[in-house]
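Asks: Encoded as structure tokens, here's the structure I'll be asking about.
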Amino acid sequence: MKIYNEYITLQTVAKREFVDLTPQIKAAVEKCGFRDGFVLVSSLHSNGSVIVSDNEPGFLEDLLGWLEEAAPLE
């Protein structure tokens, strides 16, 4: 079995921020040259998370609202 590993490093500014990693993940998949397989995306930071969803503004707004209700910043 072949394995390709790539780390994507990013830095955010806001306390809560969404970053679309689709272009970076697509570039990594194209770079590895594999035709079949699967992609594992994970966060190595305890305060980060990976959400698989359509990049739809309404969903992100709803998610921010839910997060503020569940864990207010102030």
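The values are calculated or read from the model by the stated rules, or taken from the named source; none is laboratory data. Since the structure is predicted, the reported quantities are computational estimates derived from the model, not experimental observations. Here Cβ is always computed from backbone atoms with ideal geometry, including for glycine, and neighbour counts include all displayed protein chains. Heads up: the accessible areas ignore ligands, DNA and RNA and are worked out on the full protein's heavy atoms, side chains in. Shrake-Rupley method; radii C 1.70, N 1.55, O 1.52, S 1.80 Å.
Asks: Taking segment 30-66 only, how many residues are within 21 Å of residue 9 (Cα to Cα), outside any helix (DSSP H, G or I) and among the hydrophobic types (A, V, I, L, M, F, W, C)?
Replies: Here is the first cut: in segment 30-66, the residues within 21 Å of residue 9 (Cα to Cα) are 30-32, 38-53, 55.
With outside any helix (DSSP H, G or I) added as a condition, the list becomes 38-53, 55.
Adding the requirement that they be among the hydrophobic types (A, V, I, L, M, F, W, C) leaves 38-41, 44, 50-52.
Of the residues in segment 30-66, 8 are within 21 Å of residue 9 (Cα to Cα), outside any helix (DSSP H, G or I) and among the hydrophobic types (A, V, I, L, M, F, W, C).
Asks: Still on this structure, please answer the following. Only residues in segment 49-65 that are in contact (Cβ under 8 Å) with a residue 12 or more places away in the chain and hydrophobic (A, V, I, L, M, F, W, C) count as the first member; pair them with residues that are surrounded by 10 or more Cβ atoms within 10 Å (Cβ to Cβ) and not in a loop (DSSP other than H, G, I, E, B), Cβ under 8 angstrom, at least 6 apart or cross-chain, and list the lot.
Replies: Going by the 8 Å Cβ cut-off, the qualifying pairs are 51/63.
Asks: Does at least one position in segment 34-46 carry a residue that is in contact (Cβ under 8 Å) with a residue 24 or more places away in the chain and open to solvent by less than 70 Å² (accessible area, probe 1.4 Å)?
Replies: Looking for residues that are in contact (Cβ under 8 Å) with a residue 24 or more places away in the chain and open to solvent by less than 70 Å² (accessible area, probe 1.4 Å), one finds none in segment 34-46, hence no.
Asks: Out of the residues in segment 1-29 meeting the condition of being open to solvent by less than 100 Å² (accessible area, probe 1.4 Å) and assigned to a helix (DSSP H, G or I), tell me which one is nearest to residue 73 (Cα to Cα).
Replies: Here the residue is 22.
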